[in-house]
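Only one structure is covered here, and it is reproduced in the block below.
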Amino acid sequence: MQDKDALNELYSTLISKRQQVAQHAGFENYRDYKFAELGRFDYTKEDCFQFHESVKQYIRPLVDLINENKRKKLGLNELRPWDTDAEAEGTEPLRPFKTGTELLEKTVTCFTNLRPFFGDCLRTMKAMDRLDLESRKGKAPGGYNCPLAETGAPFIFMNAAGQMSDVTTMVHEGGHAVQSFLTHPLELSAFKEYPMEIAEVASMAMELFSMDHWDVFFDKEKDLKRAKEQQLERVISIFPWIATIDKFQHWVYENPQHTIKERAKKWMETLQEFSSPVIDWTGLEEYRKYSWQKQLHLFEAPFYYIEYGIAQLGAIGLWMQYKQNKETALDNYTAALSLGGTRTLPELYQAAGLQFNFSGDYIKKLMDFLRSEMEKLL
């Protein structure tokens, strides 16, 4: 809050300069310019608007259900924002592993049980010393998979500290690693530059596929169920925020002459559209007016964010296939990832047996499936 005015001024300056760039390049506004610059030829602003509406209509109610269940579990009359990550009093944290070595060993077993080739990818990386998993003093934060062109065996960097979120990170980056191996035989390096909307399907789908074998991390059934429940909550709950940030950006650049006051008003309108009414924000209204400022993408990478929402839909679609026929889903997954960036997004999704579709009907189908899977865990 102490920097809110400086951040507002910075954003206004960026909007002005970006609008100028767009007009010099012959575009009416920066949004249209940015879509062209990003090579976003497979979906349009109208598709984004459809995504926003579908999230509001069919995903937000599921988030409301998650929050209502959490409120009851915690025994609260009102669920406050800081309660959403809380556990009932006396609940011990999940402890799926102790060391980076144990995390790797268990993930290799998990991946091998899913499909032997996936486990082989991690074994190759281990043999080539391509893993830096444990947190330590002075180490940079974050986690990523870095493809390495010559050998095709990538490098995974992360900061594991024995938490459940570390397991999610490991299997997520492991999914990226599998795609690095699968695309290595492609003839041109440029073919291995695949768009985010399919790259994140590789990692997000692996999070969901691997849940069937998370028993390697947990001895107790109740801990395993809790881990799966947390994973599904995380998958569902991110959608409304993605839609909020994306919809806000469209307005910002369609109306580049707006004032800071108009911006705050529009942000609050957009935020309310996608926020769960189950959460009580009383007394925090002033903070909420500036909550967009925490999203670094708005400043540094405009219009880069909806990709995660699109990919998450793809991952859910693959998991739905997996629940119907495991081998077919894994075949579709590897077939699509092997294509790298040699096809359009709709063609890559088609290769994975998926629809590249943001319609309400399609998203409702995915959410009905997720709801049924969540109910099995409750």
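The values are calculated or read from the model by the stated rules, or taken from the named source; none is laboratory data. All values derive from a computational prediction rather than experimental measurement. Because the Cβ atoms are built from the backbone with ideal geometry, glycine has one as well, and the counts that use them run over all protein chains shown.
For this structure, a couple of remarks:
- Selection count where residues are in contact with a strand residue (DSSP E or B) (Cβ under 6 Å, 6 or more places away or on another chain) and assigned to a loop (DSSP other than H, G, I, E, B), scope the stretch 95-138: 2
- Filter result for residue 168 (of a type outside the set (Phe, Trp, Tyr) and within 30 Å of residue 92 (Cβ to Cβ)): yes
- Only listed residue being in a helix (DSSP H, G or I), acidic (Asp, Glu) and under 18 Å from residue 52 (Cβ atoms), chosen from 331, 361: 361
- Candidates in the stretch 343-378 are the residues that are acidic (Asp, Glu) and under 14 Å from residue 63 (Cα atoms); of these, the one that is modelled with the highest pLDDT is 368.
- The set of residues in the stretch 329-350 being surrounded by fewer than 18 Cβ atoms within 10 Å (Cβ to Cβ) and aliphatic (A, V, I, L, M) consists of 335 alone.
- Test result for residue 305, under 19 Å from the mean Cα position of the chain (by Cα) and of a type in the set (Phe, Trp, Tyr): yes
- Hits in the stretch 222-242 (condition: free of Cβ contacts under 8 Å to residues at least 24 places away in the same chain and either within 19 Å of residue 103 (Cα to Cα) or touching a strand residue (DSSP E or B) at 6+ places or on another chain (Cβ under 6 Å) (or both)): 224
- Residue within the stretch 147-157 that is part of a loop (DSSP other than H, G, I, E, B), surrounded by 13 or more Cβ atoms within 10 Å (Cβ to Cβ) and in contact with a His (Cβ under 6 Å, 6 or more places away or on another chain) present: yes
- Enumeration of residues in the stretch 201-230 that are crowded, with 20+ Cβ neighbours inside 10 Å and polar (S, T, N, Q): 203, 210
- Within the stretch 214-247, the set of residues being of a type in the set (D, E, K, R) and outside any helix (DSSP H, G or I) comprises 219, 220.
- Filter pass, residue 117 being more than 25 Å from residue 233 (Cα to Cα) and aromatic (Phe, Trp, Tyr): yes
- Subset of the stretch 177-214 [β-branched (Val, Ile, Thr) and farther than 21 Å from residue 151 by Cα]: 198, 201
- Tabulated pairs, the stretch 185-197, first surrounded by fewer than 17 Cβ atoms within 10 Å (Cβ to Cβ), second outside any loop (DSSP other than H, G, I, E, B), C-beta under 6 angstrom, 6+ apart or interchain: 196/307
- Residues (of a type outside the set (A, V, I, L, M, F, W, C) and in contact with a strand residue (DSSP E or B) (Cβ under 6 Å, 6 or more places away or on another chain)) located in the stretch 150-170: 154, 166, 169
- Test result for residue 246, within 21 Å of residue 363 (Cα to Cα) and of a type in the set (D, E, K, R): yes
- Pairs meeting the criteria (first residue in the stretch 133-149 and over 23 Å from residue 181 (Cβ atoms) and in contact (Cβ under 8 Å) with a residue 24 or more places away in the chain, second residue of a type in the set (A, V, I, L, M, F, W, C) and in a loop (DSSP other than H, G, I, E, B), beta carbons under 7 Å, at least 6 apart or on different chains) are 135/161.
- Any hit, the stretch 46-68, residues being surrounded by fewer than 19 Cβ atoms within 10 Å (Cβ to Cβ), closer than 13 Å to residue 247 by Cα and without any contact (Cβ under 8 Å) to a residue 60 or more places away in the chain: yes
- Top-ranked residue of the stretch 322-356 - restricted to ones that are under 29 Å from residue 240 (Cβ atoms) and free of Cβ contacts under 8 Å to residues at least 40 places away in the same chain, ranked as nearest to the chain's Cα centre (by Cα): 355
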